[in-house]
Every structure is written in structure tokens, then in C-alpha cells.
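Here's the structure we're looking at; comments come further down.
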Amino acid sequence: MADLKINFAGIKSPNPFWLASGPPTNSGYQIMKAFDAGWGGAVWKTMGLPVVNSSSRYAGIDFGDTRMMGFSNIELISDRPLSHNLKELEEVKKYFPENPVIASLMVDTREEWHRVVKDAENAGADGLELNFGCPHGMCERGMGSAVGQEPDVLKLIVSWVMEVATKPVIVKLTPNVTDITDSAIAAKEGGGNAISLINTFQSIMGVDIDNFTPYPVVDGKGTNGGYCGPAVKPIALNMVRNCAQSPYIGLPVSGIGGVSNWRDAVEFILMGASTVQVCTAVMHYGFGIIRRLTSGLSDYMDSKGFANVSDMVGKALKNTVAWEDLNLNYNVIAEIDNKKCIGCMLCYAACEDGAHQAIGIGSNGSRVPFIIEENCVGCNLCSLVCPVEGCITMVESKSNTGFESWKDRTASGNIPKTFDDPLAGGLSHRVTEIEKALRKMK
Amino acid sequence: MSDFRKPLNEQEFEKNFAPINPPMDQTQAMVESSRCLFCFDAPCIKACPTRIDIPLFIRQISTGNLTGSARTIYESNYFGNACGKVCPVDVLCEGACVFNHVNEKPIEIGRLQSHAATYVIENEIALFKPGELNKKRVAIIGAGPAGISCACELRRYGYEVDIYEAKNCPTGLTLHGVAPYKITNEEAVREAEFLQKQLGFVIKYNSPVSKYEQFKKLENEYDAIFIGIGLGETVSMNIKGEDLENCIGAVEYIEDVKIKKYLANSGRKVVVIGGGNTAMDAASEAARMGAERVWLSYRRSRADMPAYGFEYELAKKVCVEPLFNTMPVEILGNGMVEAIRLAPTEVVDGKVIVKKDEIFTIECDMVIKATGQEKQNVLLDIIDGFEFDANGKTIIDSESFRAVNTKYFIAGDVINGGSEIVNAVAEAVMAAEGIHKFLSKEMNQ
């Protein structure tokens, strides 16, 4: 059995699954319930000067009949008095000494930072997370993402915290920047012990088209909120990877952004995260999802022979390269399994109109399409739209030879240099039967 | 033994005849419509006689555009709601769904279709406007699916349309001939009213057209006449005892149940003769009317039975007992049906041979004949100019549905020998186009 225990910048946890700072960590009651269910750690909902919240607060994006593919909130940091939060934190630690509780903090002045850091540590927090990410409500007051977007300010505030902190300090970054590594480097330079990313994206979730108001609606008006949930995972993964690969950072990364199942968690870990934080999935399904997360991760590690989580951290980073390092001599071609094909012809429509006209349909009334190999560029589109498991596969071309990247070709001068260069990759791609495009016009 | 007690009031009747495809709510419609793959050149469209753009209307449901969805449906099929409920979807659209190839449940197209159609009917959202009056008048005989569809199409072209209907309510067999668990009378009538309100055709009820002078009068008053009168009464079996009370035709029985509901006459022990879809319906309905036993006598084997598989399954579900390879010889009784004598049969070289020495008797108090309906040739023959081929079929132009050399157009069951509502609608719309071409030519001359 794989060992799920981790040590994140000195914070020990029974497993890498932490509740992210947010509504599920609003109270001691919730966090105790979560630990009881099996969660490894929890980042307390951001504490600071208590706020007043609006009603309503959340909005979701559905995809077909799938609810909350994306999610957004305009809720602010904790609206509860600091002393209530800290008293409950103390209580949680009494019941669950093995489960790390991280205090998420957001205040304004140096004095306030010193005060809350000390208070949190005194209450028993195992670590501190500095919320420099919140992109709504707080940033207008000069906090949250307003800090995260200014590396110099971020660095300064981290250094204030480091003046008094005795527990590990995690700096939570905002994705609302051009290059997140700038913020991560500032966090390191300020003395932070780890980074966590991503916080939510500034967003408008949708518009009530009957009343001309953005969601979520508060008494006929709306405002921008913070976007998260499964839909943001790909962007979060890339940001985690950028920070993990940067030679100037070298801090442990806690991965956040749309983690909904064990596979998402594994992906974040393979991209360099050593813990993952979850919020939206818990808001959707409750704390019980932890059983699926831990068993999925554990089974995966057993099947791959990883004894510890740390063995797999960043395993996919060496295969995550720049475009110019990809092998341009490598070709794949789509292959349709006629026996599995159900004749929906989605691949035909996709390739014909959306790609490279490399799929044909039989003239004998058959609904099983065929690949026109000479037109197939191996783009994957057909296999992505195919609704049948394993029906369209991308097969390595038999004529593949050697390795040559764009970098190599640039070095040897083997690249297109003029607008009509015969070295153009799509030189042979020209459909000449124009009349087929003009059926209605005829 | 059937599971149903004889219904003694409206509520019990409705319980026994509860819809087999109940309406979807918004959540069900959302989940189901989201499953659709949106196939290219979708096979479901090709399987629909009216060629409804099914993936389009489904996508319109899943994106919250129910009015647009209903428009997609009604543009192709004026009986959108009825067809969603009544069509044999297993052999049409749903049977063609590609999910059948992966043993996945096909999309419930029929129920989705009714979901969108019901929305515009209940909210009285008009989809059509009549065309500008072109001063031509068309008479339509029969307010069934064919007649009403033809009327709708012609009104959109700008023709004045009067429908002459023998009965006192619209939609023909949709109301009178379809089992209540498929569509209720109210649902059928509301759809007709929905169309009539938007398009303003006139229906003259209790106005049968059957006499030579009547046809002549119509010919004088109207520029074209459409005939959509369906089929006639149940064909006689030509056996002894057929005139006994409680020996009735299936179409007549089904109509009786549809109109009189729990007050309809029904037997305790019922024998249904026939192997078509009407026989299955009649047998199912007899069981739901509380018969203790219902037998189904068909002269050939299960494999030869023309009824759709799912219709037979429906009948079996309510404990109808099949008597394959049997044939009625005589109905016994003194004034009322008391028993039926059936002879076993054997099929030799495609011919049914009756084993007369093995005849047996079943005690019963009702015999329902589902042996097909009479053609309307006697009636059609009185119209000047109507010609019939060697098989007795009216000679028509296959595209315009025009009876050769006349101003009559004819479509639906009366010409196709008895098919689905959806076929009648498809044919009638083609006939309306035929009428429009025919009269446009006249107008241009």
C-alpha cells in the first residue's frame, strides 16, 4: 500500500488532500467534520478584518446536463470575528493534532500582519497562507489580488510576515497576471517557504438575458466574481508547471484549481505540486468525496509502484517542453475501427468543416467514414469528437524517421523564410473541388 | 389473468389507461436532450416520414429555446405533439438512433418532441401566420391528420379552407382510434385547436360528404377538393354468428372506449381476432377495461404477425394470451356472444390450412374483430372521374396526390391502406403542395 503521508515545507499531513480556503473551511465544525471524513489538512477561510457579505453570492456554468462545470463567487473573506475563528481553530487542533490547519490571512498594514500572524500561531495553526489572490471585493481595498499583481508589494508584505512568523509561510498567488512566475519569484525573494496556486479568475459568469444583469444577481445588479471549478484546471496546471519548472523559484507548490477527482490530483502532482487543495468539488458534493480521492490516488500509486507521494512529484515535468523542442518528424494518422463505429459521422463533420478534409463517407449509403490518409495531419480532432471509447485511435505513421525539432531545423536553416516558401508545412493542402463548397449557391 | 379491475369511474379509468410515455418535466428533458450526439446527416431524420430535423429540435431544447424547438417540429409536422406520443418510434426515429449500435438506450425522441410541442400548445405561442388571401378556395373532406395538415399548409399559402367532418370533433383516428394510454382526447383536440387558432381554417362538424350531389356541389363551390377520409368500417369475417351482440369491430371498440371511457361496453372474457397493431391495441384495452381473460387469435405464427414487436409486448404485459395459428369458424350465442369456435391452422407454402377436425370452443362474452378496415372505393367510385387500378387502388399522381384528371387530391389512410399518423401528415403536406402547384398554374393562366 502506498504511503500518502507528506511533508510540505515542514508541514506534515496524513495525505496530500487539503481543503482550500473558502466556504467549506468557514468554521471549526466544518473542518472537524472534514478531518473526520479523512481530509489531510485544511486552510481556514481567510481571516482578517471581518467583512459583510452580499446575498446572493455564487453562480455556476452548466455544460449540457452537467451542473457547475465552472463556478464563481463574490463572497469575501471570513465575515466572522477573528476571535471566534481562532478559538475554533484551537478546538480543532485539540481533536485533530495530526491534521495540519493552515491559517489563511489577509490584512492591510505591517502592524496588522504581525498581529494576525502571532494570533494564528498562538491558536495552534500549523502554517500560514497569505491570501494575495482574491480578485473581487478585497482587491478594490488594496488587498488580495491587488497585492498579488504587484511583485514588489507582494515581496514587501511577505517580508513583514517573515519578521514574526515561526511556522511555514505559504504565499497564495493570483492567476490574474501575465506571468505568474514573477509573483512566485517575489514570494521567494520575500522569504516565503512555499507557494499555492491558483486563486480564482476575475470573471463575469454569465448574463441574465431577461433582465440584463450579470450573474450572480444582487437586487438587480451584479459584479465581477472569482471563477473556479473543473473548467479552470487546464490553466491552473500550466501555472503550476511554470512555477515548478522555473529555475528561480524552487519552492514547494500546493496545487489548486478545479481538482474534482483523484486523476486531477495526480495530474497536479505530476506537474510539480506536492499537495492539492480542493474547494468547489466539496461545495458541490460534500466532504465525502475524500474517500474517492484517497483511494484513487493510493490505487494509482500502487499500480505505478510509487511508495511515497514525493516519488511522483513533478514526474511529468521533463516531458513538458517548449513547442520548439517537439519532434516535427513524428506523424500520427487517425484510424477508425469499423466494428466499433456507430455511424454518428461526427468525425466527418468535424474534420470536413473544422480541420483538414481528411475523412470521407462511403457512397454506398454506409455511415462508417474512412480516413483519407494523404490529407490526415494527425491533429486528433476526430478522436476527440468520437463518442465511442477506442473507436478512433491515432496510430504512429510507419514512415516516421529520426528526430528533428523546430530548434534543430532553425539551426540547420531548414525552415520557411519567405511568405511563399516551399518549405511551408501546409504546402500540399489545397482542396480544388470548389463546387462542393457551394451546394446552396448552385 | 389481467391485472386490471373494471374501471367504475373516470379516475379508475385514467389509472388503468395511464400514459405509457408520460410527459417529461424540464429536468428530464434537459438530461435526455443533453445525451443527443447531434449526428451529422442524422439517421433519425431520414427515418421520420415528415423529416423533422430531430437533432436541431433536441439541441434547441437543451439550450432553452423551446419555442424554436417546437417551430422546428411543426414546420415539418403539424401533428408534432400527437406524433411524439403515438408514433411507433421504435421502428422510426428512435430505432435509427446510433445509440442502438452500442446497446445504449436510444434518445427518447418522441417524448422530447411532445415536451417542446406541449410547451407552445399550453402557452398558446403562435408559430404560423396564414398567407395573404389568394381568392382560391379548397374544400377538405375529413378533419383527421391528413385533412388538418393539408388545411394548415394551404392556409399558409393563402387559400380559404373549409373542412367537412362527419363526426363532431377533430383529428380523426388520433382521437377515435388511438389507445387512451398513448394520447388522450383532450391532448388530440388541443393540438387541432392550437393550429386552427393560428391558421383560421373552418371545420364544419357533423357534415359527412357521401352523396353524388354533395360532391358536385363542392366541385362547383371550390377550386380544389382534398379527400382525407381514412378507411371504412371493420371488414367482415363472413362467419356465422358475426351479427350477435358484443361481436364488434376493433376500430369501433377502440372508439367506444375513447369516447365513453369507463362506461364503454366491454367483456369479461374477450377474444380478439387479428395480428395487426389494431388487434394489439384492442386486446390491451380490453384487459385495461377489466376483462378477466383476453385471448388473441391470429391465423398465422408469431413470426408472421404484422404487429410491431413492442405493440405485442404491450399486450403481453397486460396478460393478453396469444392463440397463434388459430382461426374463427363460428361465433355461438343466443342474441349475445357466448362462445367462439376456433380451428387450429397450419401454414403450407404460405397458405393457411384450417384443421377442421380439431376445432375447439372458448367461452367468451365479447369478440373483437381486428381484421382490417374496408376500403372507401364504394364512396370514391361515385365521384366523377375517379379511376382505380386492377388492385382497386385510386390512380393518383405520386408527387401531387392528385386523382388523375380531376380537381381532387387524396392522401392518408384512404390511399395508403392504413398507416401511421405521421405518414398521413407527410402525404397531406405533399398533396397541399400539389394543390398549390395545380391552382397556381390556373391562377397564372
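The values are calculated or read from the model by the stated rules, or taken from the named source; none is laboratory data. Fair warning: this is a prediction, and the values are worked out from it, not measured in the lab. With ideal geometry, Cβ positions are generated from the backbone for all residues, glycine too; neighbour counts draw on all protein chains shown. The accessibility values were calculated without ligands, DNA or RNA, using every heavy atom of the protein model including side chains. Shrake-Rupley method; radii C 1.70, N 1.55, O 1.52, S 1.80 Å.
Taking each residue of segment B:340-369 that is touching a residue at least 40 places away in the same chain (Cβ under 8 Å) and closer than 19 Å to B:Val320 by Cβ and looking for partners that are of a type in the set (Ser, Thr, Tyr) and open to solvent by 70 Å² or more (accessible area, probe 1.4 Å) with beta-carbon atoms closer than 9 Å, six or more apart or interchain, yields B:Ile340/B:Thr361; B:Leu342/B:Thr361.
Here segment A:359-407 is the region considered, the condition is being exposed (fewer than 11 other Cβ atoms within 10 Å of the Cβ) and within 29 Å of the chain's Cα centre (by Cα), and the residue that is farthest from B:Val98 (Cα to Cα) is A:Gly390. Scanning segment B:238-265 for residues that are basic (Lys, Arg) and either closer than 11 Å to B:His176 by Cα or free of Cβ contacts under 8 Å to residues at least 12 places away in the same chain (or both) gives B:Lys258, B:Lys260. Anything in segment B:32-53 that is β-branched (Val, Ile, Thr) and away from every other protein chain (no Cβ under 13 Å)? List them, or say none. Once the filter is applied, which keeps residues that are β-branched (Val, Ile, Thr) and away from every other protein chain (no Cβ under 13 Å), segment B:32-53 yields B:Thr50, B:Ile52. Close Cβ contacts (under 7 Å, 6 or more residues apart or on different chains) running from residues in segment A:338-362 that are closer than 21 Å to B:Lys46 by Cα to residues that are acidic (Asp, Glu) comprise A:Met345/B:Asp41. A single entry from B:Ala82, B:Ala47 fulfils the requirement of being closer than 21 Å to B:Ile148 by Cα and either at pLDDT 95 or above or open to solvent by 30 Å² or more (accessible area, probe 1.4 Å) (or both): B:Ala82.
Here segment B:21-31 is the region considered, the condition is being assigned to a loop (DSSP other than H, G, I, E, B) and surrounded by 13 or more Cβ atoms within 10 Å (Cβ to Cβ), and the residue that is farthest from the other protein chains (Cβ to nearest Cβ) is B:Asn21. The criterion of at least 3 residues that are within 29 Å of the chain's Cα centre (by Cα) is met by the following strands (runs of 3 or more DSSP E) wholly inside segment B:268-360: B:269-273, B:293-298, B:321-324, B:326-334.
Quick grid of which residues meet (1) of a type in the set (D, E, K, R); (2) within 14 Å of another protein chain (Cβ to nearest Cβ); (3) more than 29 Å from the chain's Cα centre (by Cα); (4) part of a loop (DSSP other than H, G, I, E, B):
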residue	(1), (2), (3), (4)
A:Ile61	no, yes, no, no
A:Arg67	yes, yes, no, no
A:Gly70	no, no, no, no
A:Ser78	no, no, no, yes
A:Ser83	no, no, yes, no
A:Leu86	no, no, yes, no
A:Glu91	yes, no, yes, no
A:Lys94	yes, no, yes, no
A:Pro97	no, no, yes, yes
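So, in segment A:99-128, of the ones that are of a type in the set (S, T, N, Q) and surrounded by 16 or more Cβ atoms within 10 Å (Cβ to Cβ), which residue ends up farthest from the chain's Cα centre (by Cα)? So, considering only residues that are of a type in the set (S, T, N, Q) and surrounded by 16 or more Cβ atoms within 10 Å (Cβ to Cβ), the one farthest from the chain's Cα centre (by Cα) is A:Asn99.
Out of B:Gln198, B:Gln113, B:Gln214, which single residue is of a type in the set (S, T, N, Q), over 27 Å from B:Ser33 (Cβ atoms) and open to solvent by 10 Å² or more (accessible area, probe 1.4 Å)? Walk me through it before giving the result.
Details: B:Gln198 fails: over 27 Å from B:Ser33 (Cβ atoms); B:Gln113 fails: over 27 Å from B:Ser33 (Cβ atoms).
Going through B:Gln198, B:Gln113, B:Gln214 in turn, the sole match is B:Gln214.
Anything in segment A:405-430 that is within 19 Å of A:Ile333 (Cβ to Cβ) and in contact (Cβ under 8 Å) with a residue 60 or more places away in the chain? List them, or say none. First the steps, then the outcome.
Taking segment A:405-430 and keeping what is within 19 Å of A:Ile333 (Cβ to Cβ), we get A:425-429.
Hit for segment A:405-430 is A:His429, nothing else.
The conditions of being modelled with pLDDT under 95 and not aromatic (Phe, Trp, Tyr) are met by B:Lys135.
When A:Ala231, A:Ala236 are checked against the criterion of being more than 27 Å from A:Asp126 (Cα to Cα) and either open to solvent by 50 Å² or more (accessible area, probe 1.4 Å) or among the hydrophobic types (A, V, I, L, M, F, W, C) (or both), A:Ala231 stands alone in meeting it. Can you name every residue in segment B:81-137 that is more than 27 Å from A:Glu389 (Cα to Cα) and of a type in the set (Phe, Trp, Tyr)? Of everything in segment B:81-137, those that are more than 27 Å from A:Glu389 (Cα to Cα) and of a type in the set (Phe, Trp, Tyr) turn out to be B:Tyr119, B:Phe128.
Going by the conditions given, is B:Asn103 open to solvent by 10 Å² or more (accessible area, probe 1.4 Å) and on the phi > 0 side of the Ramachandran plot? Answer is yes for this residue. On inspection, B:Ser69 does not qualify as at negative phi, within 14 Å of another protein chain (Cβ to nearest Cβ), over 18 Å from the mean Cα position of the chain (by Cα) and among the hydroxyl-bearing types (Ser, Thr, Tyr).
Evaluation of B:Arg59 against the conditions (1) surrounded by fewer than 17 Cβ atoms within 10 Å (Cβ to Cβ); (2) within 14 Å of another protein chain (Cβ to nearest Cβ) shows that the sole unmet condition is (1). Sub-6 Å Cβ pairs linking a first residue in segment B:274-302 that is open to solvent by 30 Å² or more (accessible area, probe 1.4 Å) to a second residue that is of a type in the set (Asp, Glu), at least 6 apart or interchain, are B:Asn277/B:Glu311, ordered by first then second residue. Per the listing A:Thr294, A:Thr280, the residue uniquely in the same structural domain as A:Ala231 (by TED's automatic domain parsing), closer than 17 Å to A:Met1 by Cβ and open to solvent by 10 Å² or more (accessible area, probe 1.4 Å) is A:Thr294. Among the conditions (1) over 30 Å from A:Thr25 (Cα atoms); (2) open to solvent by less than 30 Å² (accessible area, probe 1.4 Å), the only one that A:Asp353 does not satisfy is (2). With a requirement of 3 or more residues that are without any contact (Cβ under 8 Å) to a residue 24 or more places away in the chain, the helices (runs of 4 or more DSSP H) lying completely within segment B:145-200 that satisfy it span B:185-199.
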